[in-house]
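The values are calculated or read from the model by the stated rules, or taken from the named source; none is laboratory data. All figures in this text were calculated on a predicted structure; none of them were measured in a lab. Every residue, glycine as well, gets a Cβ built from its backbone with ideal geometry; the counts of neighbours run over all protein chains shown.
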Amino acid sequence: MNPVYHIDFDFDTEALLNEATTLFEGSGFSTEYKGFALDKIDNFKLIQEDWGNSPIARAERERFLRHYDIWDESYDYSNSRYMKLDADTMLLPHADNHACCINHILNGHNVPINFYGEEYLYTTALLDVSQTHGVNNMGNPDRMILKIAFYENTFEEIKQALMK
């Protein structure tokens, strides 16, 4: 099964990038992420929507999910977050603690995600992050994304909803 399903959606990338950049330049991010075998990764930074400091990410998550008629107010259903992988570093192979997510590249810098040796390029995609994956960002600038994580649905369930 292909772990990547490409999506064509008009996110407000400029507004998202501005919000993410401002937040990452401040001190309101974390290097702790429970989705990895290691809880702390120094080259990886995270800002979660439910921390209350990313209203643009929340609005874009809601707009996206309403567009596909899968909106649910609960953070137990979905949550968005900004993620930044530092320049010239790698995100080692891991599986996340949720089944799937939408990733949207914010800074126009695109390197492939790697699933079991297969590389996939995307701008916006549904990813099966229950499978082992990683990113080689060596020789590249910071990689910034908006991630919408799903906690109650599988990759195939969300894919079917997006295909309607």
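Hey, could you check the stretch 69-80 for residues that are of a type in the set (D, E, K, R) and modelled with pLDDT under 95 and say which is nearest to Arg58 (Cα to Cα)?
Initially, the stretch 69-80 is screened for residues of a type in the set (D, E, K, R), giving 69, 72-73, 76.
Next, only the ones that are modelled with pLDDT under 95 stay: 72-73, 76.
Details: Asp72: 12, Glu73: 10, Asp76: 14 Å.
That would be Glu73.
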> Can you find even one residue in the stretch 46-59 that is within 14 Å of the chain's Cα centre (by Cα), in a strand (DSSP E or B) and modelled with pLDDT of 90 or more?
Replying inline: no
> Going through the stretch 91-110 one residue at a time, which ones are surrounded by 17 or more Cβ atoms within 10 Å (Cβ to Cβ) and over 26 Å from Glu62 (Cβ atoms)?
Replying inline: Leu91
>> Can you find a residue that is in contact (Cβ under 8 Å) with a residue 60 or more places away in the chain, touching a helix residue (DSSP H, G or I) at 6+ places or on another chain (Cβ under 7 Å), closer than 22 Å to Leu23 by Cβ and outside any loop (DSSP other than H, G, I, E, B) anywhere in the stretch 135-146?
In response: yes
> Taking the stretch 1-37 as the search range and keeping residues that are at pLDDT below 85, assigned to a loop (DSSP other than H, G, I, E, B) and touching a strand residue (DSSP E or B) at 6+ places or on another chain (Cβ under 8 Å), which one is surrounded by the most Cβ atoms within 10 Å (Cβ to Cβ)?
Replying inline: Phe29
> Under the condition of being of a type in the set (S, T, N, Q) and in contact (Cβ under 8 Å) with a residue 40 or more places away in the chain, which residue from the stretch 74-122 is farthest from Ser54 (Cα to Cα)?
Replying inline: Thr89
> Can you name the residue in the stretch 143-164 that is within 16 Å of Met90 (Cα to Cα) and either of a type in the set (A, V, I, L, M) or surrounded by fewer than 18 Cβ atoms within 10 Å (Cβ to Cβ) (or both) and is also farthest from the chain's Cα centre (by Cα) among such residues?
Replying inline: Met144
